[in-house]
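Here's the structure we're looking at; comments come further down.
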Amino acid sequence: MGIIGLAGALLGLVTGLARGGRLGRLLDLEFRWLGLLVAGFLVQNALPLLAGPGVAGGAAMAAANVVAFGLFVAFAAWNLHLPGLVWFLLGSASNLLVIALNGGRMPVVMKPWVHLRPELIEALRGGQDALHVLAGPGTRLPWLADYLALPRIPTPIFSPGDLLIAIGAFLLLERGVRGVGVRTGREGGLST
């Protein structure tokens, strides 16, 4: 879950609070297997810090990328009863698919509206980015790759899957703090 997903979560939290929600209502969310989400986040973000440079580190990071999105898919599948988790599942599954089919790395499709920092472009062209690869003729499912960007912002670029994850995170937190569509153990039904 990248910066776009975190931005969606933060925007959902702020929007929900602005619409009269309360942080305490998040405790009413009945997460199943929350450890899968935490493990996915740790695998995705901690392993790059632990992996060394070179081929072995790159291979470990590519494998970790696949494992992390597999954990996100499993978490979302177990939690479809929560608002927004269908979107999170679709986004995680599409990212998992494109990453797995491209050797554990997310392809980056260069488009005119994508403005990357020069050092990132060089890292992609030189194959030095362990989590991303420059898309080419052999890229599988390039329409699921990273090619979306906000205009006139140097980074980040993101995939359609990242956008779906952000929508899911937004809906989960926006509705969660408002208690909309959330089953609670105390009430046994939907709270309003």
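The values are calculated or read from the model by the stated rules, or taken from the named source; none is laboratory data. Owing to the predicted nature of the structure, the values given are computational and were not obtained by experimental measurement. We place every Cβ from the backbone using ideal geometry, glycine too, and count neighbours over all the protein chains shown. To get the accessible areas, we keep the full protein, side chains included, count just its heavy atoms, and leave off ligands, DNA and RNA. Shrake-Rupley method; radii C 1.70, N 1.55, O 1.52, S 1.80 Å.
Quick one: count up the residues across region 66-114 that are of a type in the set (Ser, Thr, Tyr) and touching a Ser or Thr at 6+ places or on another chain (Cβ under 9 Å). Walk me through it before giving the result.
Filtering region 66-114 down to residues of a type in the set (Ser, Thr, Tyr) leaves 92, 94.
Now drop any that are not touching a Ser or Thr at 6+ places or on another chain (Cβ under 9 Å), which leaves 94.
So the count comes out to 1.
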Within region 1-22, can you find the residues that are over 22 Å from Asn95 (Cα atoms) and either β-branched (Val, Ile, Thr) or touching a Gly at 6+ places or on another chain (Cβ under 9 Å) (or both)? Leu13, Val14, Thr15, Gly16, Gly21, Arg22
Tell me which residues, restricted to region 56-108, are open to solvent by 40 Å² or more (accessible area, probe 1.4 Å), aromatic (Phe, Trp, Tyr) and within 14 Å of Leu164 (Cβ to Cβ). Trp87
Near pairs, Cβ below 6 angstrom, 6+ apart or cross-chain, from region 57-76 (touching a residue at least 40 places away in the same chain (Cβ under 8 Å)) to any residue that is open to solvent by less than 10 Å² (accessible area, probe 1.4 Å): Ala62/Gly104; Ala63/Gly104; Asn65/Ile99; Asn65/Gly104; Phe72/Gly40; Phe72/Ser92; Ala76/Leu85; Ala76/Ser92
Which number in (1) more than 16 Å from the chain's Cα centre (by Cα); (2) small (Gly, Ala, Ser); (3) modelled with pLDDT under 90 marks the one condition that Gly40 misses? (1)
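Tally time: how many residues in region 1-23 are open to solvent by less than 50 Å² (accessible area, probe 1.4 Å) and over 13 Å from the mean Cα position of the chain (by Cα)? Walk me through how you get there before you give the answer.
So in region 1-23, the residues open to solvent by less than 50 Å² (accessible area, probe 1.4 Å) come out as 1-2, 4-5, 8-9, 12-13, 15-16, 21.
Remaining after also requiring over 13 Å from the mean Cα position of the chain (by Cα): 12-13, 15-16, 21.
Of the residues in that region, 5 qualify.
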From Thr139, Thr184, Thr155, grab the single residue that is surrounded by 13 or more Cβ atoms within 10 Å (Cβ to Cβ), of a type in the set (S, T, N, Q) and modelled with pLDDT of 80 or more. Thr139
Name the residues in region 24-33 that are closer than 19 Å to Ile167 by Cα and under 19 Å from the mean Cα position of the chain (by Cα), would you? Phe31
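Of the residues that sit in region 24-48 and are touching a strand residue (DSSP E or B) at 6+ places or on another chain (Cβ under 8 Å) and within 16 Å of Ala76 (Cα to Cα), which one is surrounded by the most Cβ atoms within 10 Å (Cβ to Cβ)? Spell out the reasoning first.
Filtering region 24-48 down to residues touching a strand residue (DSSP E or B) at 6+ places or on another chain (Cβ under 8 Å) leaves 25, 28-30.
If we keep only those that are within 16 Å of Ala76 (Cα to Cα) too, we end up with 29-30.
Values: Leu29: 20, Glu30: 13.
Per the stated criteria, the residue is Leu29.
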